[in-house]
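Student: Right, I'll just put the structure down here and ask away after.
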């Protein structure tokens, strides 16, 4: 079988229906092979968008693929793949390369940076596995290894295909499988016994669930465990919605000192934090957890730690399945919170639009037919109070420009869901042009631009400066020029009506939501209070 044919055969077996990318001369043979194999591709406007779209597609589908050319294409996409690595998203990069049979170490070729291996060396830093298909005898084994590692670790893989290897016939997989087989039953038994003792001895245990719950397909197991133990549960911001937010045991999103008071209080008084698939990362979580270490059971895809005692060769799935099977755990008497409807303040038709009113109206608007994609900045922080069953955002790596191309990947992965995009004006100006791709693919995201004319998150950490201003665009005019529709609003009533109109439209729809530059979410206000003194101490 030809090498390219095998690649696309394997990707189809893994459920991949679409790839994302931009053609280039070093990858043209692979694009032609892709078409021959019946694999569809989504050609975007810029390589970073291919990475973001493939990332979101992977988060929802289990595997995503981006195809780019040598140098200018692949290196242009490093940042989105770095995001995918940091946030454990299973994306495979297929990159073109010059012919191997005509290579001269001293010859320069277009798109070359330093050496033939420069691009490979860069990608080794942002992926979990890499392969260069320069030998037909090992090509099949190398393809399988990268795909299997990508799925096992839920982190990106990189496959480089020289132009003259695309259509070479390769023999079936013949390499010996050298994977280490570990009998972890004794380790798992010991770890579970220690975990059970610690939970049973505690008075106020709480589950802290993170994004690995979703990455490794454990969301149903999490809900079963929560209900079995009847424990209050909080989630990370990156793992928002890994437990349905209308679940009676759901307390809220925990992000350290930036959390809402009730959520912070629940975690603060816990004497046993059962951290499942989460990593105490930035925004105050790491510092907040530092004092909790003796009380934390930390279970991830890589290891399990109970206080200062760590176990290798067991993982999140092992432990959760063990906890679900055991009859030794005590069920608690936690009474689910009474979640009374949020009372909105009476508003007049001319009440000025605010971050709070946008989230209020979205909570009334969103249904299980939607999927929310947020960019970074205050759209993300405000979303702590947003109720949705699928929420995707770059909440750890925090790369701007994620949401609009991410919406393309989301709707290609889940066509039954309509994306609702939350994006600041600065983020939109990076990749908003991908609405043209949405139109081309007959997609219809609803894009809400939080238009405050500034890089708001940076402004609250520093002060008003010329370089923190965002130049105003005619966002509605841009949407129409790309084949969509939209409207500009600056009142709560206007925003409500715009949502209603957008909801009834079959086209993509942009809502230019004009906000005062001083209007921020309560979470961003707490972030500013925490970060600003540190930033100010470093500014001369």
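Student: Quick one: would you say residue 109 is in a loop (DSSP other than H, G, I, E, B), under 25 Å from residue 141 (Cβ atoms), at pLDDT below 95 and not assigned by TED's automatic domain parsing to the domain that holds residue 216? So that I can check it myself, show each step before the final result.
Tutor: Working: in a loop (DSSP other than H, G, I, E, B): yes; under 25 Å from residue 141 (Cβ atoms): no; at pLDDT below 95: yes; not assigned by TED's automatic domain parsing to the domain that holds residue 216: yes.
Criteria not met by residue 109.
Student: Among what's in segment 172-193 and is assigned to a helix (DSSP H, G or I) and farther than 17 Å from residue 327 by Cβ, pick the residue that is modelled with the lowest pLDDT.
Tutor: To start, the set of residues in segment 172-193 that are assigned to a helix (DSSP H, G or I) comprises 185-193.
Keeping just the survivors that are farther than 17 Å from residue 327 by Cβ gives 185-187, 190-191.
Numbers: 185: 88, 186: 92, 187: 92, 190: 94, 191: 94.
Among residues in segment 172-193 that are assigned to a helix (DSSP H, G or I) and farther than 17 Å from residue 327 by Cβ, the one modelled with the lowest pLDDT is 185.
Student: Quick test of your reading of the structure: residue 280 fulfils all but one of (1) under 30 Å from residue 508 (Cβ atoms); (2) modelled with pLDDT under 85; (3) surrounded by 13 or more Cβ atoms within 10 Å (Cβ to Cβ). Name the failing condition by number.
Tutor: (1)
Student: Determine if segment 357-373 includes at least one residue that is at pLDDT 95 or above, touching a strand residue (DSSP E or B) at 6+ places or on another chain (Cβ under 8 Å) and part of a loop (DSSP other than H, G, I, E, B).
Tutor: Looking for residues that are at pLDDT 95 or above, touching a strand residue (DSSP E or B) at 6+ places or on another chain (Cβ under 8 Å) and part of a loop (DSSP other than H, G, I, E, B), one finds at least one in segment 357-373, hence yes.
Here's the yes/no breakdown for (1) more than 15 Å from residue 91 (Cβ to Cβ); (2) touching a residue at least 60 places away in the same chain (Cβ under 8 Å); (3) under 26 Å from the mean Cα position of the chain (by Cα):
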{"residue": "2", "(1), (2), (3)": "yes, yes, no"}
{"residue": "13", "(1), (2), (3)": "yes, no, yes"}
{"residue": "16", "(1), (2), (3)": "no, no, yes"}
{"residue": "27", "(1), (2), (3)": "yes, yes, no"}
{"residue": "30", "(1), (2), (3)": "yes, yes, no"}
{"residue": "38", "(1), (2), (3)": "yes, no, no"}
{"residue": "46", "(1), (2), (3)": "yes, yes, yes"}
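Matching residues to (1) more than 20 Å from residue 437 (Cβ to Cβ); (2) assigned to a helix (DSSP H, G or I); (3) modelled with pLDDT of 95 or more; (4) touching a strand residue (DSSP E or B) at 6+ places or on another chain (Cβ under 7 Å):
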| site | (1), (2), (3), (4) |
| --- | --- |
| 9 | yes, yes, yes, no |
| 12 | yes, yes, yes, no |
| 26 | yes, no, no, yes |
| 56 | no, yes, yes, yes |
| 76 | no, yes, yes, no |
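Student: Can you tell me which condition residue 84 does not meet? The list is (1) surrounded by fewer than 22 Cβ atoms within 10 Å (Cβ to Cβ); (2) part of a helix (DSSP H, G or I); (3) touching a residue at least 60 places away in the same chain (Cβ under 8 Å), and all the others hold.
Tutor: (1)
Student: Would you check if there is a residue in segment 228-244 being buried (at least 19 other Cβ atoms within 10 Å of the Cβ), in a helix (DSSP H, G or I) and either out of contact with any helix residue (DSSP H, G or I) (no Cβ under 6 Å at 6 or more places or on another chain) or outside the structural domain of residue 394 (by TED's automatic domain parsing) (or both)? Break it down into steps so the answer makes sense when it comes.
Tutor: Kept after step one, since they are buried (at least 19 other Cβ atoms within 10 Å of the Cβ), are these residues of segment 228-244: 229, 231-243.
After this cut, where a residue has to be in a helix (DSSP H, G or I) as well, the list is 229.
Checking which are either out of contact with any helix residue (DSSP H, G or I) (no Cβ under 6 Å at 6 or more places or on another chain) or outside the structural domain of residue 394 (by TED's automatic domain parsing) (or both) leaves us with 229.
So far as segment 228-244 goes, yes, one or more of its residues are buried (at least 19 other Cβ atoms within 10 Å of the Cβ), in a helix (DSSP H, G or I) and either out of contact with any helix residue (DSSP H, G or I) (no Cβ under 6 Å at 6 or more places or on another chain) or outside the structural domain of residue 394 (by TED's automatic domain parsing) (or both).
Student: Still on this model: Whether any residue in segment 378-386 is within 20 Å of residue 456 (Cβ to Cβ) and outside any helix (DSSP H, G or I) is what I want to check.
Tutor: So the first thing to find is which residues in segment 378-386 are within 20 Å of residue 456 (Cβ to Cβ), and the list is 378-386.
Checking which are outside any helix (DSSP H, G or I) leaves us with 386.
Yes - at least one qualifying residue is present in segment 378-386.
Student: So, residue 159, is that one in a strand (DSSP E or B), in the same structural domain as residue 39 (by TED's automatic domain parsing) and either at pLDDT 95 or above or surrounded by fewer than 24 Cβ atoms within 10 Å (Cβ to Cβ) (or both) or not? Write out each step before concluding.
Tutor: Values: in a strand (DSSP E or B): yes; in the same structural domain as residue 39 (by TED's automatic domain parsing): yes; either at pLDDT 95 or above or surrounded by fewer than 24 Cβ atoms within 10 Å (Cβ to Cβ) (or both): yes.
Criteria met by residue 159.
Student: I'd like to check which helices (runs of 4 or more DSSP H) are fully inside segment 406-506 and have at least 2 residues that are crowded, with 18+ Cβ neighbours inside 10 Å and free of Cβ contacts under 8 Å to residues at least 60 places away in the same chain.
Tutor: Numbers: elements: 425-431, 435-440, 456-461, 475-481, 492-503.
Hits in segment 406-506: 425-431, 475-481, 492-503.
Student: Then there's this: Going by the structure shown, is residue 347 over 15 Å from the mean Cα position of the chain (by Cα), modelled with pLDDT of 95 or more and in a loop (DSSP other than H, G, I, E, B)?
Tutor: Numbers: over 15 Å from the mean Cα position of the chain (by Cα): yes; modelled with pLDDT of 95 or more: no; in a loop (DSSP other than H, G, I, E, B): yes.
The answer is no for residue 347.
Student: Does residue 135 satisfy being closer than 18 Å to residue 159 by Cβ and modelled with pLDDT of 95 or more? Break it down stepwise before answering.
Tutor: Numbers: closer than 18 Å to residue 159 by Cβ: yes; modelled with pLDDT of 95 or more: no.
So residue 135 fails the test.
Student: Name the one entry in 263, 234, 251, 242 that is at pLDDT 85 or above and within 24 Å of residue 194 (Cβ to Cβ).
Tutor: Numbers: 263 fails: within 24 Å of residue 194 (Cβ to Cβ); 251 fails: within 24 Å of residue 194 (Cβ to Cβ); 242 fails: within 24 Å of residue 194 (Cβ to Cβ).
Only one candidate qualifies: 234.
Student: Let me ask something else about it. Within segment 198-209, can one find any residue that is on the phi > 0 side of the Ramachandran plot, assigned to a loop (DSSP other than H, G, I, E, B), touching a strand residue (DSSP E or B) at 6+ places or on another chain (Cβ under 8 Å) and not assigned by TED's automatic domain parsing to the domain that holds residue 371?
Tutor: Just the residues of segment 198-209 that are on the phi > 0 side of the Ramachandran plot, to begin with: none.
Scanning segment 198-209, I find no residue that is on the phi > 0 side of the Ramachandran plot, assigned to a loop (DSSP other than H, G, I, E, B), touching a strand residue (DSSP E or B) at 6+ places or on another chain (Cβ under 8 Å) and not assigned by TED's automatic domain parsing to the domain that holds residue 371, so the answer is no.
Student: Can you name the number of the only condition in (1) farther than 19 Å from residue 146 by Cα; (2) not in a helix (DSSP H, G or I) that residue 92 fails?
Tutor: (1)
The values are calculated or read from the model by the stated rules, or taken from the named source; none is laboratory data. Worth saying up front: this structure is predicted, and the values here are computed from it rather than measured. Here the Cβ is made from the backbone with ideal geometry for all residues, glycine too, and neighbour counts use every protein chain on show.
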